[in-house]
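Novice: Just dropping this structure here.
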Amino acid sequence: MNATTHDAATNETKEANVAQEVSLGRIYVLRAAYLLLVIGLGGMIVPDVVSHPVISRGVIPSLLGAVWVLAFVGLKYPLEMLPLLMFEFAWKSIWVVAYGLPQWSAGQLSPTFAEDSFNIGLGVILMPLVIPWGYVYRHYVKQSGARWR
């Protein structure tokens, strides 16, 4: 019983420390970003995952379907799921630099370029504004990692 009381007190202390690190307003902004993923991916990816030809390769819809599922978790645990938003920012930035800008500058645009560049560019613009970079630095860069053995 005493350990349970101690664990509850420790959890409350951790939550209070996080509350001081990241404002409630920023938590709601993070939740809005996860909700945007839930709605956006839900409309684009879920229909393809649910109904597709048996011979479909399905790699991209499966990957994005996993992001969709994890975005639901982010609604409840916005700070714990920050790596999901960092993944979104990373892959979209890579696409812009490695694929989008070279296609645009060469004038060789795919039929879906306008739609892709809008959806991906939106993530490249919004994610850096949403992610609490100070928290990311303190918890993912500055804090020591898990032991190796």
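Novice: Mind pulling the angle between the C-alpha long axis of helix 59-76 and the longest principal axis of the chain? Nearest 10 degrees, somewhere in 0 to 90.
Specialist: Once rounded, the angle reads 30 degrees.
Novice: Still on this model: When only C-alpha pairs under 8 Å and at least 6 residues apart count, what is the relative contact order of the range 27-77, in percent?
Specialist: 55
Novice: Continuing with this model, one more query. Between (i) 62, 36, 23; (ii) 64, 38, 37; (iii) 55, 37, 32, which matches Cα extents along the principal axes in Å calculated for the structure shown?
Specialist: Computed from the coordinates, Cα extents along the principal axes in Å corresponds to (ii).
Novice: With axes computed from alpha carbons, what is the tilt in degrees of helix 113-130 against the longest principal axis of the chain, rounded to the nearest 10 within 0 to 90?
Specialist: Relative to the chain, helix 113-130 is tipped by roughly 20 degrees.
Novice: What is the dipole size for the chain, taken about its Cα centre, with +1 at each Lys and Arg Cβ and -1 at each Asp and Glu Cβ, in debye to the nearest 20? Don't skip to the end; give the middle numbers.
Specialist: Working: 10 positive and 9 negative charges, 78 e Å.
That gives a dipole near 380 debye.
Novice: Report the FRET efficiency, 1/(1 + (r/R0)^6), for Lys76 and Ser144, where r is their Cβ-Cβ distance and R0 is 35 Å, rounded to 0.05.
Specialist: 0.80
Novice: Right, next: Show me the ranking of peptides 31-38, 59-66, 87-94 by mean Cβ neighbours inside 10 Å, starting with the highest.
Specialist: The most tightly packed comes first, giving 31-38, 87-94, 59-66.
Novice: For helix 82-95, report the angle its Cα long axis makes with the longest principal axis of the Cα atoms of the chain; keep it between 0 and 90° and round to the nearest 10°.
Specialist: 20
No lab work stands behind these numbers, since they all come straight from the coordinates. Please read all numbers here as calculations on a predicted model, not as lab measurements. Here the Cβ is made from the backbone with ideal geometry for all residues, glycine too, and neighbour counts use every protein chain on show.
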